[in-house]
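Reviewing the structure listed below.
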Amino acid sequence: MLNRRQTVKKLISACHLTKNYRERPIVDNISLEIEEGETIALIGSNGAGKTTTISMLLGILPQDSGTIAYWTTDYKKEIGTQLQSTPFFEGYTVEDNLKLFAAFYNVDLTNKMIDERLASFDLLQAKKTPAIKLSMGQQKRLAILVTTLHNPRLVILDEPSAGLDPRGQKEIQNMIKNLKENGVAVLFSSHDMLEVTKVADRIIIMNQGKIIANGSPDHLLEQYHAQNLEDLFFELTK
Ligand SMILES: Nc1ncnc2c1ncn2[C@@H]1O[C@H](COP(=O)(O)OP(=O)(O)OP(=O)(O)O)[C@@H](O)[C@H]1O
């Protein structure tokens, strides 16, 4: 996907981001970078500030202070995103949704391309099914499929595998790996340490609005002399 585009190294550079609700710091002076092609897991307990951070990076929520620099001016259209719930329109089939998002992204999709895309996300058999009738796993896959139709350079996913059974989780992990193989950078939030270990090149741990660790799994385990990520997470967030 990248060969069509100009090569850049840094996609997002966020500096000293802060968000307060009623004077309570929800995101507290965090800085992070997203580089081309890397898969980053954003982890933290409930309420740590992950969704708020993601929302600011996506430009959905304005930060109270700090700056975010993007590799492109049209980042809202260029970043693929799947938030915790993707609204599919009542009565629209899977195929309709693909066409709708393709129109939004200004992407031409032939019928053959639609079938190929659906098949690669294991959704071809559900082509004529209303999207809101799909299983949760299928809906998550469709949500990621529609957000990658325009071959984005960066995809941001908020808890993509939450609530899925082991097979559904594995399918999401494979999708993330597949994006990586195609040179797409991915930032995803997760509560599942095994998932994080399997797919992330880099882990950012948030706690009470702050980034308390940031590095590759191996580097973090070595730095903190931890046996595994779960132990490390509990140790750092206790
Ligand atoms: N609009 C809002 N007004 C007030 N407080 C808010 C608002 N949005 C979020 N918060 C609070 O900010 C904190 C961080 O929320 P956020 O959703 O970013 O956490 P999270 O790490 O994504 O949690 P989870 O893992 O449960 O999704 C929580 O305490 C939440 O209640």
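Per residue of the range 107-122, what does 6.51 cos²θ - 1.76 cosθ + 1.60 with θ = phi - 60° give for ³J(HN,Hα)? Whole Hz please, x for Gly and Pro, Karplus curve as stated.
Per-residue couplings from phi come out as 10, 7, 10, 7, 4, 5, 5, 4, 5, 5, 4, 4, 5, 6, 9, 6 Hz.
Relative contact order for the range 162-238 using alpha-carbon pairs under 8 Å, separation at least 6, rounded to a whole percent?
Computed over the range 162-238, the figure is 18 percent.
P(r) for the range 121-238: what percent of alpha-carbon pairs falls in each 5 Å bin, starting at zero?
For the range 121-238, the binned pair fractions read 2, 10, 20, 20, 17, 14, 8, 5, 3, 1, 0 percent.
Residue-wise, which Karplus ³J(HN,Hα) couplings in Hz belong to the range 48-62, taking 6.51 cos²θ - 1.76 cosθ + 1.60, θ = phi - 60°, and x for glycine or proline?
With coefficients 6.51, -1.76 and 1.60, one gets 5, x, 5, 5, 4, 4, 4, 4, 6, 4, 7, x, 7, 10, x Hz.
Sort 224, 70 by Cβ crowding within 10 Å, fewest neighbours at the top.
Exposure proxy ranking, most exposed first: 224, 70.
Given H placed on each backbone N at 1.01 Å, which residues far from residue 39 in sequence or on other chains put an amide H within less than 5 Å of it?
Hits under the 5 Å cutoff: 186, 201, 202.
Charges at C-beta only: +1 for Lys and Arg, -1 for Asp and Glu. How large is the resulting dipole of the chain about its Cα centre, in Debye rounded to 20?
520
Amide H to amide H under 5 Å from residue 206: which residues, 5+ apart in sequence or cross-chain, H placed 1.01 Å off N in plane?
Residues meeting the amide H criterion: 43, 44, 212.
Any chance you could tell me what percent of the C-alpha pair distances in the range 6-155 go past 26 Å?
Tail fraction, whole percent: 37.
At a threshold of 8 angstrom on Cα-Cα distance, excluding pairs fewer than six apart, so keeping six or more, what relative contact order does the range 48-169 reach in percent?
About 35 percent, as a whole number.
Please give the contour-minus-distance gain from residue 127 to residue 178: 0.36 nm per residue of separation, less the Cα-Cα distance, rounded to one decimal in nm.
That works out to 16.2 nm of additional length.
Among the DSSP beta bridges whose two residues both lie in the chain, what percent are antiparallel, rounded to the nearest 5?
Here the antiparallel bridges make up roughly 55 percent for the chain.
Which entries in the list 77/210; 140/210; 77/128; 128/198 go over 30 Å, if you measure between the two C-alpha atoms of each?
128/198
Given the options 145, 229, 191, identify the residue whose Cα lies farthest towards the positive end of the charge dipole of the chain (+1 on Cβ of Lys, Arg; -1 on Cβ of Asp, Glu).
So the residue we want is 145.
Using Cα pairs under 8 angstrom and six or more residues apart, how large is the relative contact order of the chain, in percent?
28
What full-extension length gain, to one decimal in nm, is calculated for residue 18 and residue 151 as 0.36 nm per residue of separation minus the Cα-Cα distance?
My answer for the length gained is 44.8 nm.
Values in this text are rule-based calculations from the coordinates and carry no lab data. Keep in mind it's a predicted model, so treat the numbers as computed, not measured. Glycine also receives a Cβ, built like all others from the backbone with ideal geometry; neighbour counts cover every protein chain displayed.
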